[in-house]
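Quick note: the coordinates plus some simple rules give every number you see, no bench work behind them. All values derive from a computational prediction rather than experimental measurement. Every residue, glycine as well, gets a Cβ built from its backbone with ideal geometry; the counts of neighbours run over all protein chains shown.
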Amino acid sequence: AGQTTVEVLGHSYQRDDFTNVTPKILAKVGRNLHNQSHHPLWLIKERIKSHFYSVYTCRGNPVFSVHDNLSPVVTVEQNFDSLLIPPDHPSRKQGDNYYLNRKTMLRAHTSAHQRELVRCGLDAFLVAGDVYRRDEIDASHYPVFHQMEGVRLFSNHQLFQKVENSQDLSLFEAGGQRTPHKQESHSLEAVKLLEFDLKRTLTHLVTHLFGADVEVRWVDCHFPFTHPSFEMEVRFQGDWMEVLGCGVMEQELLNSAGAGRQVGWAFGLGLERLAMVLYSIPDIRLFWSQDQRFLQQFQVQDIQQPVRFQQPLSKYPPLHNDISFWLPGDSFIENDFYELVRSIGGDLVEKVSLVDKFKHPKTGRWSHCYRISYRHMERTLSQQEARLVHRQIEDAAEAQLGVQGRY
Ligand code: PHE
């Protein structure tokens, strides 16, 4: 506290009323797990790269270029405005993002780079990088994770070249309407070919990663920067798991990036999600482990060699401690509490869940009860150690969030 600037990757950013990055999060910036040789995220990234390099070539040259070293510090304009995300959109909330100040933030998705790369003249690229979101805490959510973005643009000739007698087809149609299937300026035939190419590309990718029997399904969804939009889910241990979002790029985005004569598709996939399924990694915090017993298992000679992750030691038992408090009026943000738990408990916290809400019949005040599960990744935690951390969380919640403990 009292500092007027935040230092990230050798640059100084002026603090203001939007600043909400914490030292614990800043300590992760620059780790670049996706660039650390033989880290499981690196391994997945390399397998995706090699798939795209070998399948999509033009006269022997790769069609897609790969960018895995773009700074995670982006402008709010790049992260949101460049993607047509409206000024009042809920995804901009301070409660969901890490802001350095009103103008700068840690990117919340690799889509933040779409417009600048298209503007540079690229028409097929992959971007891998670390992304930052304030979120709940559990086995598959961590405030820093990694994404791979893919974009491919097509000219009229490129999209229709395989269609016979295609000279009468065009990408655009004047005076068209936006429908659930297409944007106003697009022709239906262009969109159908794009959608087909997008889904085929992604299905081919996951079959390459998971093998031919992988089960995939498509779910319609919504993003401000694609239309139509889809999510791909992969069946994993009996449940459907969302692994990526994608769609036909909004033409207005391409127009503003100087590519108005082309159409395109984009996707963004979560590397941890894929790695968890592929290597059976049970907890997302393991990706941050420096323990050689974990990392060693990914030291394969050949990136295509199968890896099956073996839990290095039996999973140590968790300890549960509850915390209840009265909320301060209506100014309480749940993610602020998760953040506080994380900044004190660090990686000892496996999960935080809201187990009870209660409204006092007379005072009308709300009380929340959260259950915090503590678990050490590499040894058994004593109840005494957990209590110590829990006590610090209780004190900090009262001091920083204005709640009134019922401890
Ligand atoms: N950026 C989106 C997300 O993080 C994913 C996405 C990328 C969707 C590209 C459409 C196109 O959820």
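Cβ crowding within 10 Å, taken as a proxy for footprinting-reagent exposure, orders Glu231, Glu398 from fewest neighbours to most as Glu398, Glu231. For His67, the residues whose modelled amide H falls within less than 5 Å of its own, excluding neighbours fewer than 5 places apart on the same chain, are Leu126, Val127, Ala128.
Shape of the chain from its Cα gyration tensor (a ≥ b ≥ c, root eigenvalues): rounded if a/c is under 1.5, otherwise prolate when a/b > b/c, or oblate?
Working: a/c = 2.03, a/b = 1.53, b/c = 1.33.
It is prolate, given that a/c is not under 1.5 and a/b is the larger ratio.
If you sort the three axes of the alpha carbon gyration tensor as a ≥ b ≥ c, you get a/c of 1.5 or more for the stretch 21-88 and a/b no higher than b/c, which makes it oblate.
Relative to the Cα centre, the charge distribution of the chain, modelled as +1 at Lys and Arg Cβ and -1 at Asp and Glu Cβ, gives a dipole magnitude of about 600 debye.
Taking Cα atoms, how many degrees apart are the long axis of helix 40-55 and the longest axis of the chain, rounded to 10 and kept between 0 and 90? Approximately 10 degrees, to the nearest 10. Here Cys369, Cys120 are placed in order of increasing Cβ neighbour count within 10 Å, fewest first, which gives Cys120, Cys369. Considering helices alone, the calculated mean residue ellipticity of the chain at 222 nm is -7500 deg cm²/dmol, with DSSP H runs of length four and up weighted by -39500 (n - 2.57) and normalised per residue.
Could you list the trypsin sites (Lys or Arg not before Pro) in the stretch 305-396 that lie in coil according to DSSP, counting only those with at most 11 other Cβ atoms within 10 Å of their Cβ?
Arg308, Lys315, Lys362, Arg379
Under a 10 Å cutoff between Cα atoms, tell me which one of Asp135, Asp197, Asp330 has the largest fluctuation in the Gaussian network model of the chain. In the Gaussian network model the winner is Asp330.
For the stretch 318-398, the relative contact order is 42 percent, taking Cα pairs closer than 8 Å that sit 6 or more residues apart in sequence and dividing their mean separation by the residue count. Axis angle, to the nearest 10 degrees, between helix 383-401 and the longest C-alpha principal axis of the chain: 80 degrees. In a GNM of the chain with a 10 Å cut-off on Cα contacts, which of Leu26, Leu271, Leu244 has the highest mean-square fluctuation? Comparing Leu26, Leu271, Leu244 in the GNM, the peak value goes to Leu26. A Gaussian network model of the chain, with springs between Cα atoms under 10 Å, assigns the largest mean-square fluctuation among Tyr374, Tyr316, Tyr142 to Tyr316.
Relative to the longest principal axis of the Cα atoms of the chain, helix 334-345 runs at roughly 70 degrees. Each of Phe172, Phe154 was scored by other Cβ atoms within 10 Å of its Cβ. Arranged with the fewest first, they read Phe172, Phe154.
With the cut-off at under 16 Å, measuring from each backbone N in the stretch 50-68 to a point 7 Å along the Cα-to-Cβ line of Ser155 picks out 58-59.
With the Cα gyration tensor of the stretch 195-287 giving a ≥ b ≥ c as the square roots of its eigenvalues, does the rule (a/c under 1.5 for rounded; else a/b larger than b/c for prolate; else oblate) give rounded, prolate or oblate?
Verdict is prolate for the stretch 195-287.
Dipole magnitude for the stretch 58-217: computed about the Cα centre from +1 point charges on Lys and Arg Cβ and -1 point charges on Asp and Glu Cβ, it is near 280 debye. Comparing Cα centroids, the stretch 336-407 and the stretch 64-109 end up 29 angstrom apart.
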